[in-house]
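Since the structure comes first, as structure tokens, the remarks are kept for the end.
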Amino acid sequence: MREPEPTASPLSPPIAIPSLEDMQHWTWVMGRAQQMVLEAGLQTLQETPALPIIPGFTDRATMARAHDFWTDSMKLWHQFMAPDLAEPIEERPEHARDKRFKAPQWRENPVFDWIRQSYFLVSDHLLRGVEEMEGIDEHQREQLRFATRGFVDAMSPSNFAATNPLVLEKTLETGGENLLQGLQHMMADIGRGQLTHTDPEAFAVGRNLATTPGKVVKRTALYELIQYTPTTPNVLAVPLLVFPPWINRFYILDLTPEKSFIKWAVDQGLTVFVVSWKSADATMKDVVWDDYVEAGQIDAIDTVRALLQVEAVHTIGYCVAGTTLAATLAVLAARGQAGKVRSATFFTAQVDFARAGELLNFVDDEQMKLIEQLSPDGYLDGRYMAATFNLLRGRDLIWNYVTNNYLLGQDYAPFDLLHWNGDTTNLPTKWHLSYLRDLYRDNLLVVPGALSIGGTPIDLTKVVTPSYIQAGREDHIAPAESVWQLTQQFRGPVKFVLAGSGHIAGVVNPPAANKYQYWTNPEIGTSLTDFVAGAAETKGSWWPDWIAWIRQQDATTVPVAGARMPGGGNLPALDDAPGGYVVAR
């Protein structure tokens, strides 16, 4: 009787991993096959010079690109198969710096070095093809750039277990536990409907975020007004009112105490108020931009003026709230009420959206229809916007976490900024759609009289309020060139500051950190390039420059008494800071 074939058991030895020699052999087989195909293609090109031209596909430029790709591919294969005989391929600096491939295994192992270089070869040719494509306008080209970059980032060999040497090593080392842990992470994210970037248990609003002492002194259907407790015996007479963007939680300006702009401003002797916007729900389905100007910003300005019995306030508008603050200033100017605002500061805010960057790729008709479909109750789930912003930096905010937390199974590191980034806010759909159409798509805010608020036409050229405009040099959401355009709209005194880093770190840069730098130039110039050419660089944070500018507007101080203490005036304290809206979901 024949013995049965042995079957594998849990105690069976693991299947042997192919040796480097085996991998090289089979790679040679695949390479030789590809080389034969490439050589045949080159021969076809040489023998049939009069191939028919199919626009956009087989035109001569396209076929020349194919020729270049085949030639470069053969050079790479030659280097892999006979490195001692092949002509060295010079690596581009940006490839050498690519953080995805910084581990030595990507270069020390010939197979993975070939995989890495093959990826760069394909991606470079794809991106170059977009730049050389004919018969399309610049908007279409930018859409293709964005889509191609997204595809190239998604197809990186670092994103796949079988082509990432670090993942293979980790899998062998842990017996696959990393993949199980990564699967657990992935299933948790699917349940949340959102990619996790940091340890979800490490931070909590009111515990170790947004802890600057203060009180909620007003609550409306749109916002809570928070007044912070002074830390100096005297304060500047003109208070500061901060408008954070309502597409995020306000505590980006009140992270941990050492990073908090709000705490720092209080310590500089300012009476600080911050608007905490309500995350949209079904009750806000009819909210439009007029409401954020009239019932939001103007109402908050009038509330602070009445509470402290002052003529004017300093204001700050961050991102979309800065865009709205520009409209608010124009409305007040048209109504003869410009004196209500002593100064306006803009953090990474745009008004001219002609150069608004990659977000312009999300304002076509299909995206608008998608937003409507995702908003049956009149508000857009904040996770949609979070996904959109993640796509703008997919390599860092998506694929980096796929590799580290799904494939390598690493635990999430605690990071307050990323906790805030994942703390999404819902948006009123009607307002959001009109904002995308009127500003991003049609760029109407810079057309005098094209938009109005409460029947008052908006003309930014009528604004004479002293303004401090900050942009981030590496900002991918509000490009510095786009933010600079604000200087060309206002007619009052304007100071422009270009800060190092991007949309968040360029703003949240406390002096104690001694990070980055900023550039100033008394001459605004006629372009950002002109400004930079004559600008002086200062190391560190721009915050001290800003507070010096604020004091130049009005250095008068008053003692802390009465309404200068939260709840001490005719608005009783309703709740401790950071309030209820910031934690509502």
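The values are calculated or read from the model by the stated rules, or taken from the named source; none is laboratory data. Computed from a prediction, not measured in an experiment: that's the story for all the values here. FYI the Cβ positions are ideal-geometry reconstructions off the backbone, even for glycines, and counts take in every protein chain you see. Side chains included, ligands, DNA and RNA excluded: accessible areas come from the protein's heavy atoms. Shrake-Rupley method; radii C 1.70, N 1.55, O 1.52, S 1.80 Å.
For the range 196-214, residues that are touching a Gly at 6+ places or on another chain (Cβ under 6 Å) and either aromatic (Phe, Trp, Tyr) or open to solvent by 30 Å² or more (accessible area, probe 1.4 Å) (or both) total 0. When the range 90-117 is filtered for residues that are among the small types (Gly, Ala, Ser) and without any contact (Cβ under 8 Å) to a residue 60 or more places away in the chain, only Ala96 remains. Report yes if some residue within the range 382-390 is touching a residue at least 24 places away in the same chain (Cβ under 8 Å), in contact with a strand residue (DSSP E or B) (Cβ under 7 Å, 6 or more places away or on another chain), closer than 30 Å to Val497 by Cα and surrounded by fewer than 18 Cβ atoms within 10 Å (Cβ to Cβ); otherwise report no. No, the range 382-390 has no match at all.
Could you identify the single residue in Asn361, Asn405 that is over 23 Å from Ala584 (Cβ atoms), buried (at least 19 other Cβ atoms within 10 Å of the Cβ) and at pLDDT below 90? Break it down stepwise before answering.
Working: Asn405 fails: at pLDDT below 90.
One residue alone meets the criteria, Asn361.
Checked against the criterion of being open to solvent by 30 Å² or more (accessible area, probe 1.4 Å) and either among the aromatic types (Phe, Trp, Tyr) or under 22 Å from Ala265 (Cα atoms) (or both), the candidates Pro544, Pro510 yield just one match: Pro544.
Could you check Thr148 against (1) closer than 21 Å to Trp399 by Cα; (2) touching an Asp or Glu at 6+ places or on another chain (Cβ under 9 Å) and say which number it fails? The failed condition is (2).
Residue-wise test of (1) part of a loop (DSSP other than H, G, I, E, B); (2) polar (S, T, N, Q); (3) more than 29 Å from the chain's Cα centre (by Cα).
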{"site": "Glu173", "(1), (2), (3)": "no, no, yes"}
{"site": "Leu183", "(1), (2), (3)": "no, no, no"}
{"site": "Asp189", "(1), (2), (3)": "no, no, no"}
{"site": "His197", "(1), (2), (3)": "yes, no, no"}
{"site": "Lys218", "(1), (2), (3)": "no, no, yes"}
{"site": "Pro230", "(1), (2), (3)": "yes, no, yes"}
{"site": "Val242", "(1), (2), (3)": "no, no, no"}
{"site": "Pro245", "(1), (2), (3)": "yes, no, no"}
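Put simply, of Val167, Val152, Val217 the only residue that is of a type in the set (A, V, I, L, M) and either open to solvent by 40 Å² or more (accessible area, probe 1.4 Å) or more than 18 Å from Thr403 (Cβ to Cβ) (or both) is Val217. Listed conditions (1) out of contact with any Asp or Glu (no Cβ under 8 Å at 6 or more places or on another chain); (2) crowded, with 19+ Cβ neighbours inside 10 Å; (3) not in a helix (DSSP H, G or I) are all met by Tyr518, apart from (1).
Condition check ((1) at pLDDT 95 or above; (2) touching a strand residue (DSSP E or B) at 6+ places or on another chain (Cβ under 7 Å); (3) acidic (Asp, Glu); (4) over 15 Å from Leu407 (Cβ atoms)) across all residues:
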| position | (1), (2), (3), (4) |
| --- | --- |
| Asp189 | no, no, yes, no |
| Thr198 | no, no, no, yes |
| Phe203 | no, yes, no, yes |
| Thr232 | yes, no, no, yes |
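Among the residues of the range 95-136, which ones are out of contact with any Leu (no Cβ under 9 Å at 6 or more places or on another chain), open to solvent by 40 Å² or more (accessible area, probe 1.4 Å), over 19 Å from Asn404 (Cβ atoms) and not charged (D, E, K, R)? Across the range 95-136, the qualifying residues are Ala96, Val122, Leu126, Leu127, Gly135. Just one of (1) closer than 30 Å to Pro165 by Cα; (2) open to solvent by less than 60 Å² (accessible area, probe 1.4 Å) fails for Leu445. It is (1). Against the test of being within 24 Å of the chain's Cα centre (by Cα) and open to solvent by 60 Å² or more (accessible area, probe 1.4 Å), the options Ala354, Ala349, Ala334, Ala326 yield a single qualifying residue, Ala354.
Take the range 282-302 and flag every residue that is open to solvent by 10 Å² or more (accessible area, probe 1.4 Å) and out of contact with any strand residue (DSSP E or B) (no Cβ under 6 Å at 6 or more places or on another chain). Listed by number, the residues that qualify are Ala282, Thr283, Lys285, Asp286, Val288, Trp289, Asp291, Glu294, Ala295, Ile298, Asp299, Asp302.
Flag: Leu444 matches the condition of being within 24 Å of Asp365 (Cα to Cα) and either modelled with pLDDT of 95 or more or outside any helix (DSSP H, G or I) (or both).
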